[in-house]
Each structure stands twice: as structure tokens, then as C-alpha cells.
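Just so you know, all these numbers are worked out from the coordinates, no wet-lab data involved. Being a predicted model, the structure only gives us computed values, none of them experimental. Methodologically, a virtual Cβ is constructed for each residue, glycine included, from the backbone with ideal geometry; neighbour enumeration extends over all protein chains shown.
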Amino acid sequence: MYAPVMFELTHLRCFVVLAEELHFGRAAERLHMTQSPLSRQIQVLERILGVELFNRTSRRVTLTLAGETFLHEARRIVRLSESAALAARRVWKGEAGRISIGFTAVSGYMLLPRIVKRAAIALPGLELQLHELVSGDQFEALHTGLIDLALVRPPVDRVQFEFAPLLLEKLLVALPEDDPRAAQTQFEPGDFDGQDLVMYAQRGAGYFHLLLASLFERANAAPNYVQYVTQIHSLLGLVGAGLAPGIVPEAAAGLHPRGVTFRPFVSQPDTPVELHLAWRRENENPALPAFRDLCLKAVAEG
């Protein structure tokens with residue numbers, strides 16, 4: 001059985017530099033030290049290893065066979081230590097590591113690709129994990145730590161979470177492409193009084209349900225809700241099938257659903273649909289601040 005060999009990285013760095021220079025003066029200069037401490041470091045390493053690493057004469061320094069063999073592994077260990085230190089610093093600065101993002105279906109088509117593309121350029125060492133969830137499930141995922149950031153609809157619990165507004169969007173009317181009203185250039189809430197409409201379910205799509213209900217109530221309009229859905233792509237599927245029109249955020253037009261045409265929906269305010277970036281207050285993921293800033297810049301510059 002061999003006894004464990006206990007040398008330090010300082011010994012290895014001194015050895016590698018001297019092996020490359022084969023001159024104590026030049027090696028000491030590279031290491032920012034004088035020749036005597038360098039010589040002592042090499043002597044200590046040789047004593048620990050129980051071998052001579054260098055042949056020394058008054059004229060030259062050369063590696064022994066043992067030194068040549070040791071040099072390959074010593075270089076590898078020094079490189080690994082430097083790589084480990086660099087990796088730790090990058091994680092600490094938020095330039096590497098892992099971050100999990102929750103997103104709604106529509107933001108996955110519009111905003112998320114912009115964020116992912118920007119992260120690949122600005123934070124290439126960061127691993128992204130993506131989770132498509134409705135806003136209510138995203139808040140639960142934030143609370144349990146499944147995700148670090150959420151692209152969510154309000155309201156946001158200000159006790160548990162911090163948030164930043166991301167986007168304000170207009171609303172669009174989604175019509176079956178053969179609907180005679182497609183000739184109309186724009187719509188107002190009053191245009192749907194007594195008219196068939198696909199509506200969002202109060203449970204599962206509460207944000208859009210309350211938003212549209214409020215707009216119709218202020219206009220004294222009472223649509224005939226023929227179906228309730230929780231997902232925008234489900235609503236668009238029913239519209240495309242000819243069931244009835246529906247009202248969607250502007251970004252939904254990017255889904256390019258078959259059999260559906262879009263027209264502006266005039267509302268007050270003009271951009272009533274909100275999207276927020278939310279995160280848990282106690283989240284200690286070092287990658288969070290850098291990635292959060294990247295998200296905000298991606299929106300601001302987009």
C-alpha cells in the first residue's frame with residue numbers, strides 16, 4: 001500500500017513553470033517570486049514525491065524521466081483547478097449554472113424565444129429549463145422552488161413574490177374566417193351584446209375572464225357565452241371550427257391558427273393585457289439577478 005501523497009497546488013504551479021522554462025530565473029519571474037523560494041518549493045515537492053524531478057548543474061536545468069512523466073499530470077491538475085475556479089466565479093456572477101422559467105402558452109410563442117436567443121449569446125454558460133404552465137400553476141411552482149422565474153398574468157402576491165411589469169398588450173377579436181363580420185375593420189365591447197362568444201373560464205383562466213367581463217360590464221354589453229375554455233389555443237381551435245368569435249391578446253395572432261382571422265378590439269385602456277416577471281423573494285439562485293436583468297432588457301429592446 002502506498003501512503004497518500006500530500007502536495008499543494010502551489011508546488012505544482014512552481015514545478016510546471018520551471019519545467020517549461022528550465023531556468024530558475026525566468027521561472028521565478030513568471031511566478032512573481034525570487035529564485036530561493038522557488039527552489040524550496042521544488043525541493044519540498046521532490047521530498048513529498050520521493051523522486052528527483054530535475055537534473056541541476058551549474059549550467060543547465062533539465063527534467064528527469066520522472067519529471068517528464070509527472071509534468072503531464074501536473075499540467076492537467078493545474079488546468080482543472082483553474083477551470084474549477086473559473087466555473088465557480090461564473091456561477092457566482094450568474095454567468096453559469098441553471099435557471100428554471102415558467103411561461104404561459106402565448107408568451108412561449110412571442111416573448112420566450114427572444115429571451116432564449118438573447119441568453120444563448122449573453123449567458124452561454126447558463127442552462128435554461130422551461131416549463132409551460134398557466135399563471136396559477138406558475139405561482140405554485142415559484143413557491144415550491146420548481147421554477148426561479150415566471151412569466152405570469154397579474155395579480156401577484158406581493159408578500160411572497162417580487163415582480164416587474166414586462167408587457168402591455170392590446171386585445172384582438174378572433175373570428176372564423178368565413179364570418180360575415182370579418183368585413184368589419186374593428187370591434188368594440190358593445191358589438192357583442194347578445195352575440196355568441198367563446199369565453200374564458202373563471203377557474204383556470206381567471207385573469208382573462210375578469211378582464212373581459214369588466215370591459216363588457218362597463219359597456220353594458222351581455223354576450224351569449226357558448227363555451228368556456230382555459231387555454232387560448234383551445235379558444236382559437238373553437239373559433240377556427242366556426243363555433244363563435246373569441247377575444248385574445250395581441251400575441252395570439254403569432255400562433256397563426258388555421259381558419260381564424262383577427263381584427264382590432266377597441267378597449268379602455270388601449271393595452272389592457274398585462275404580463276409580469278415574478279420571482280420568490282427568498283430565491284438564492286446566483287444566476288437569478290443576471291437572467292432577470294436579461295429578460296427585462298430583451299423586452300425593452302424588443
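Details
- The 3J(HN,Hα) values that the Karplus relation (6.51, -1.76, 1.60; θ = phi - 60°) gives for the stretch 232-242 are, in residue order, 5, 5, 5, 4, 5, x, 5, 5, x, 7, x Hz. Gly and Pro appear as x.
- Taking N as its residue count, the alpha carbon Rg of the stretch 233-276 over 2.2 N^0.38 Å: 1.21
- Angle between the chain longest axis and helix 206-218 axis [Cα atoms, degrees, rounded to 10]: 30
- Taking a ≥ b ≥ c as the square roots of the eigenvalues of the alpha-carbon gyration tensor, the stretch 143-222 is classed prolate because a/c is 1.5 or more and a/b outweighs b/c.
- Amide H within-cut-off set for PHE54, under 5 Å, with H built and near neighbours excluded: THR64
- Separation between Cα centres of the stretch 173-210 and the stretch 229-268, rounded to whole Å: 8
- Hull volume per residue, based on the alpha-carbon atoms of the chain and their convex hull, is 207 Å³.
- Normalised by the number of residues in the chain, the mean separation of alpha-carbon contacts (under 8 Å, six or more apart) gives a relative contact order of 21 percent.
- Mean Cα-pair separation over length for the stretch 171-270, i.e. relative contact order, pairs under 8 Å, 6 or more apart, %: 48
- Listed values for the stretch 50-59 are Karplus-derived 3J(HN,Hα) couplings in whole Hz (6.51 cos²θ - 1.76 cosθ + 1.60, θ = phi - 60°), namely x, 9, 8, 9, 10, 8, 10, 10, 5, 9, and x replaces Gly and Pro.
- Exposure proxy for VAL260, VAL61: other Cβ atoms within 10 Å of each Cβ, ordered fewest to most, give VAL61, VAL260.
- Degrees, to the nearest 10: 288-301 long Cα axis against longest axis of the chain: 50
- Contact order for the stretch 9-92, expressed relative to its length and based on alpha carbon pairs under 8 Å spaced 6+ residues apart, stands at 29 percent.
- A prolate overall shape is assigned to the stretch 1-152, the ratio a/c of its alpha-carbon gyration tensor axes (a ≥ b ≥ c) being 1.5 or greater and a/b exceeding b/c.
- The stretch 128-134 - phi-based ³J(HN,Hα) in whole Hz, Karplus 6.51/-1.76/1.60, Gly and Pro as x: 9, 10, 10, 10, 7, 9, 5
- The stretch 17-56-the stretch 123-161 distance, computed between alpha-carbon centres (Å): 54
- A simple charge model with +1 on the Cβ of Lys and Arg, -1 on the Cβ of Asp and Glu and nothing else charged puts the dipole of the chain at about 1700 debye relative to its Cα centre.
- Prolate/oblate/rounded call for the stretch 171-270, Cα gyration tensor, a/c under 1.5 rounded: rounded
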